[in-house]
Amino acid sequence: MTAIQSVAVFCGSNFGYSPLYKKAAQDLGAELVRLKIALVYGGTTKGLMGVIADTVLGLGGQVTGIITQKLYEKGQFHAHLTHHMVCPNMRERKAKMSELSDAFIALPGGFGTFEELLEAATLTQLGEHSKACGVLNIAGFYEPLRLLMDKAIQEGFMKPQMRDTVLFEQDSALLLKALSSWQAPTVDKWIDAPVP
């Protein structure tokens, strides 16, 4: 079991159309507080990002927000966080979020959420860190990602063991438990070329 003290949560700066997404953000926030795990996130009040931060803060938990200078200047910064940091750009923001976190969770979101999750998983694959990555697969939101990973394996671009680099769960408590017991796969990235 890995002692997880902080989790970076990637999620939408919009709410999505289903109320299930907001509820998932609230449930995850409450579970983080129950387990005394600090939240690290993108630092804004917008969308699901604001929902999870407000939930954790409202229940007495710790929240570190890391926002880019551009978003800060647009007034999107959450003013009531435990800790905050303004980074000059997205690359430095992501690096700082990774540095301050023991694991990663993605809720539903858009391009930014996908990119952050897949970068974290890629760094695990490359051995640059050994931190668990998971998704809250609310209403099957991340099923297309699971199918894409399966397709990459079928077509010889990923080894089957790499499927476990990203954990899929629908329940916050189950996901956090899975993240705490996860071990990085030890497998060579390279796949032999097919015989002509």
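The values are calculated or read from the model by the stated rules, or taken from the named source; none is laboratory data. Please read these numbers as outputs of a predicted model, since none were measured by experiment. Positions of Cβ are backbone-derived with ideal geometry, glycine not excepted, and every protein chain shown enters the neighbour counts.
Among the residues of segment 2-21, those identified as part of a loop (DSSP other than H, G, I, E, B), of a type outside the set (S, T, N, Q) and either under 16 Å from the mean Cα position of the chain (by Cα) or on the phi > 0 side of the Ramachandran plot (or both) are Ile4, Cys11, Gly12, Gly16. Among the conditions (1) of a type in the set (A, V, I, L, M, F, W, C); (2) more than 23 Å from Lys22 (Cβ to Cβ); (3) modelled with pLDDT of 95 or more, the only one that Leu136 does not satisfy is (2). For segment 158-170, the condition holds for no residue, the condition being that it is surrounded by 13 or more Cβ atoms within 10 Å (Cβ to Cβ), touching an Asp or Glu at 6+ places or on another chain (Cβ under 9 Å), closer than 19 Å to Ser101 by Cα and aliphatic (A, V, I, L, M).
Applying the condition of being on the phi < 0 side of the Ramachandran plot and free of Cβ contacts under 8 Å to residues at least 24 places away in the same chain to segment 125-144 and asking which residue is surrounded by the fewest Cβ atoms within 10 Å (Cβ to Cβ) yields Pro144. Taken as a whole, segment 157-170 holds at least one residue that is modelled with pLDDT under 95, β-branched (Val, Ile, Thr) and not in a strand (DSSP E or B). Summed over segment 48-75, the residues that are at pLDDT below 95 and outside any helix (DSSP H, G or I) give a count of 4.
Looking across Ala30, Ala79, one residue alone is out of contact with any helix residue (DSSP H, G or I) (no Cβ under 7 Å at 6 or more places or on another chain) and not in a strand (DSSP E or B). It is Ala79.
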